[in-house]
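> Below is one structure. I have some questions about it.
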Amino acid sequence: MASVSHNLEQPGAAGSIVLGIESSCDETAVALVTADRTILAQRIASQEAEHAPYGGVVPEIAARAHAERLAPMIAAVMDDAGLTLDDVDAVAATAGPGLIGGVMVGLVSGKALAMAADKPLIAVNHLEGHALSPRLADAALGFPYLLLLVSGGHCQILSVEGVGQYRRLATTIDDALGEAFDKTAKILGLGYPGGPKVEKLAREGDAKAVPLPRPLKGSKEPHFSFAGLKSAVLRAHESGEHIAADIAASFQQAAVDCLLDRLHKALAQNPPFPALVVAGGVAANQAVRGALEDLAASHDMRFVAPPLALCTDNAAMIAWAGCERLAQDPDFAGDPLDIKARPRWPLDPEAEIVRGAGVKA
Ligand code: KG4
Ligand code: ZN
């Protein structure tokens with residue numbers, strides 16, 4: 001279990017303190033964050049070892065692991081910061097979207113703490129956590145910004161216009177990009193979780209060696225598709241004509257090309273944005289970051305990418321989303337304690353359902 005804490009000497013120096021809980025996938029995470037952007041304490045327990053034998057996240061194993069770990073982790077984080085629940089202004093817990101068993105474990109814990117300490121409960125959309133996390137790291141990042149949200153479950157382009165104001169400009173019609181990285185890793189026998197392993201192997205390969213498709217490149221709407229790319233990776237591997245490093249490098253290049261093409265389209269179809277922001281687990285990928293940085297420079301936009309620890313799932317982003325909600329409405333009394341966990345919860349409820357997108361929230 002890794003633990004990180006900053007600025008322990010000044011807990012609560014300015015503004016509210018929010019306790020955040022994250023349990024929507026395979027990371028159990030707890031954090032205490034202040035409205036002035038200080039992470040007082042945070043702990044993240046990865047379930048990598050539990051899921052590795054299965055090559056992917058097993059929902060029942062995830063829920064059980066969250067249930068076993070969460071209570072001691074909450075106690076440890078409070079202890080790390082030298083605080084009690086009385087010092088906390090609100091409890092923020094991920095309420096979806098995600099693996100429902102895990103989400104329920106975290107949300108129920110958040111409800112119990114909120115009720116016991118008589119503090120407001122803030123039910124946070126996990127995607128909103130990712131979408132706002134760049135503002136935790138960067139006080140100068142104002143609204144609006146163009147957000148590329150790329151994780152294991154999601155691949156979206158969003159116009160982030162304010163807290164609670166998100167316009168989805170594009171989504172994936174099949175797989176998320178992180179999922180494509182994970183499946184490529186599985187095909188190449190690299191194990192789970194795949195993204196970082198594909199990136200590492202890609203450094204030793206030739207990105208031009210394997211001809212792979214760029215699905216939806218040039219199409220009218222800026223949506224994504226990665227299922228065909230994954231199948232092409234499988235065919236390339238089964239052909240026996242290529243070494244794994246070349247397949248990894250060529251896959252990563254194809255993925256980056258798709259991101260750039262789709263972002264170019266979104267930029268062309270919308271008014272200019274002052275900043276391009278990337279969030280979600282795939283934002284940890286250096287090739288992706290580099291390409292986005294160049295794209296932003298060529299469009300006169302600032303490029304903002306949160307530190308790696310804030311890109312993958314964590315609880316600081318959930319606590320921060322809670323801080324943002326409190327700052328937006330200081331009289332906010334909290335979400336109802338009977339609020340339900342949601343396996344699907346789109347950030348932009350107005351967005352049209354894109355054909356083929358049914359399996360992704
Ligand atoms: O945001 P996240 O931690 O969880 C979800 O909400 O999905 O994202 C996890 C995803 C996984 O698919 C993982 O393979 C991918 O992010 N990922 C990466 C890298 N690090 C994590 N993909 C490519 N390159 C990386 N370095
Ligand atoms: Zn996530």
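A short reminder: the numbers here are calculations on the coordinates, not readings from a lab. These numbers come from a predicted model, not from an experiment. Neighbour counts run over all protein chains shown; Cβ positions are idealised from the backbone, glycine included.
> Just to be sure I follow: if Rg is taken over the C-alpha atoms of region 107-148 and Rh is the Kirkwood radius over the same atoms, what is Rg/Rh? Numbers along the way, then the final one.
Numbers: Rg = 14.1 Å, Rh = 12.4 Å.
With Rh from the inverse mean 1/r over Cα pairs, Rg/Rh is 1.14.
> For L190, what is the net charge nearby, where nearby means another residue's Cβ is under 12 Å from its Cβ and Lys, Arg count +1, Asp, Glu -1?
Details: positive: K183, K186, K197, K200; negative: D182, E199.
Around L190, the surrounding residues sum to +2.
> Under 10 Å, Cα contacts only: if you run a Gaussian network model on the chain, which one of G334, G142, G178 comes out with the highest mean-square fluctuation?
The residue that fluctuates most here is G142.
> For C258, C155, C323, what's the fewest-to-most ordering of other Cβ within 10 Å of each Cβ?
Numbers: C258 22, C155 31, C323 27.
The fewest-first ordering by Cβ neighbours comes to C258, C323, C155.
> Could you give the length gained by full extension between E352 and F303, i.e. 0.36 nm per residue of separation minus their alpha carbon distance, to one decimal place? Show your work: numbers first, answer last.
Details: separation 49, 0.36 × 49 = 17.64 nm, distance 2.80 nm.
Value of the extension gain: 14.8 nm.
> Right, here's the next one. Taking 0.36 nm per residue of sequence separation and subtracting the Cα-Cα distance, how much length would be gained by fully extending the chain between E60 and D118, in nm to one decimal? Please list the in-between numbers first.
Values: separation 58, 0.36 × 58 = 20.88 nm, distance 3.12 nm.
Result: 17.8 nm gained on full extension.
> Mind putting together the pair-distance distribution for region 65-110? All Cα pairs, 10 Å bins, whole percent per bin, short to long.
25, 50, 24, 1
> Continuing with the same structure: What does the net charge come to around A296 if you take all other residues with beta carbon closer than 13 Å to its beta carbon, with K and R at +1 and D and E at -1?
On the way: positive: R289, R302; negative: E293, D294, D300.
Charge balance near A296 sits at -1.
> Something else now. Binning every alpha carbon pair distance of the chain at 10 Å from zero, what are the percents per bin?
Answer for the chain: a P(r) of 6, 26, 33, 24, 10, 2, 0 percent.
> Also: R0 = 30 Å: FRET efficiency of S231 with R203, Cβ-based, nearest 0.05? Before the final figure, lay out the partial values.
Values: r = 24 Å, r/R0 = 0.81.
It comes to 0.75.
> For region 174-273, which trypsin sites (Lys or Arg not before Pro) are in a loop by DSSP, counting at most 16 other Cβ atoms within 10 Å? It would help to have the intermediate numbers written out before the result.
Numbers: sites: K183, K186, K197, K200, R203, K208, K217, K220, K230, R235, R262, K265; in loops: R203, K208, K217, K220.
Here the trypsin sites (Lys or Arg not before Pro) that fit, given the DSSP loop and packing criteria, are R203, K208, K217, K220.
> Where the centroid of each part is defined by its Cα atoms, how far is region 305-339 from region 192-266 in Å?
After rounding, the separation between the Cα centres reads 33 Å.
> Let me check I've understood the local charge: for A266, count other residues with C-beta under 13 angstrom from its C-beta, Lys and Arg +1, Asp and Glu -1. What total comes out?
Details: positive: R167, R168, K220, R262, K265; negative: E221, D261.
Local charge sum for A266: +3.
> Another question, if that's okay. Arranged by the count of other C-beta atoms within 10 angstrom, fewest first, what order do W320, W345 take? Before the final figure, lay out each step's value.
Working: W320 30, W345 19.
Taking fewest neighbouring Cβ atoms as first place, the list is W345, W320.
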